[in-house]
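The values are calculated or read from the model by the stated rules, or taken from the named source; none is laboratory data. Owing to the predicted nature of the structure, the values given are computational and were not obtained by experimental measurement. We place every Cβ from the backbone using ideal geometry, glycine too, and count neighbours over all the protein chains shown. Quick note on the areas: whole protein, heavy atoms, side chains included, nothing else; ligands and nucleic acids left out. Shrake-Rupley method; radii C 1.70, N 1.55, O 1.52, S 1.80 Å.
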Amino acid sequence: MFIQTEVTPNPESLKFLPGVNISPIPINYTDISKASNSPLAQKLFSLKCVKSVFLGYDFITVTKQEDAEWEFIKAEILVAIMDFLISGQTPVNVDSPALKDVDEDKIVKEIREIIEEKVRPAVMQDGGDIVFHDFKDGIVRVELHGACAGCPSSTVTLKNGIENMLKYYVPEVISVEAI
């Protein structure tokens, strides 16, 4: 098995492309206690150098601890991913409540659709994700995951790109905030 890697705009995050499906929906894990539905994320968190794990449809973005250096930990992470995938285990439990859809009103559905179709593919290309959290009083709150979390350019992207796009398509949107 050959796993490619890509740098991301966030120097603390690296995108791993194993060439197989990883998760039916993008999921961000910030620590091992939140990764109960993902044996792959649990395995990666067992490495002391891992700060967070983001599972995309066909990629894994690992954010390292600040004191770790990619030149020393990249191979260890590659081996952990390769060993896991070769074992035949499923990376994510698809019966998890986190993967279930919920009913939403029209504006929220429209916001979600724009994020899913127009924003998310571009963000995922950089090894991250944007996840809709809520919409209240004209404010869209989103979570940035993977390489986007802590990225120096994420605030500019959020305000100049995503906020302007959502305002254009959904007049009810006043602003977009990251949580």
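Do we have any residue at all in segment 89-103 that's more than 27 Å from GLY19 (Cα to Cα), open to solvent by 50 Å² or more (accessible area, probe 1.4 Å) and either touching an Asp or Glu at 6+ places or on another chain (Cβ under 8 Å) or assigned to a helix (DSSP H, G or I) (or both)? No: zero hits.
For every residue, the table says whether it meets (1) closer than 25 Å to LYS15 by Cα; (2) not in a helix (DSSP H, G or I).
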| residue | (1), (2) |
| --- | --- |
| ARG120 | yes, no |
| VAL131 | yes, yes |
| ASP134 | no, yes |
| GLY150 | yes, yes |
| GLY161 | yes, no |
| ASN164 | no, no |
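Among residues of segment 113-135 that are on the phi > 0 side of the Ramachandran plot, those with a Cβ under 7 angstrom from a residue that is of a type in the set (Asp, Glu) and not in a helix (DSSP H, G or I), sequence gap 6+ or separate chain, pair up as GLY127/GLU6. Residues that are β-branched (Val, Ile, Thr) and touching a strand residue (DSSP E or B) at 6+ places or on another chain (Cβ under 7 Å) do occur in segment 40-53. Within this structure, PHE72 fails the test of being without any contact (Cβ under 8 Å) to a residue 40 or more places away in the chain, outside any loop (DSSP other than H, G, I, E, B) and crowded, with 17+ Cβ neighbours inside 10 Å.
Here ASP58, ASP83, ASP67 are screened, and the one residue that is open to solvent by 10 Å² or more (accessible area, probe 1.4 Å), in a loop (DSSP other than H, G, I, E, B) and more than 22 Å from GLN125 (Cα to Cα) is ASP67.
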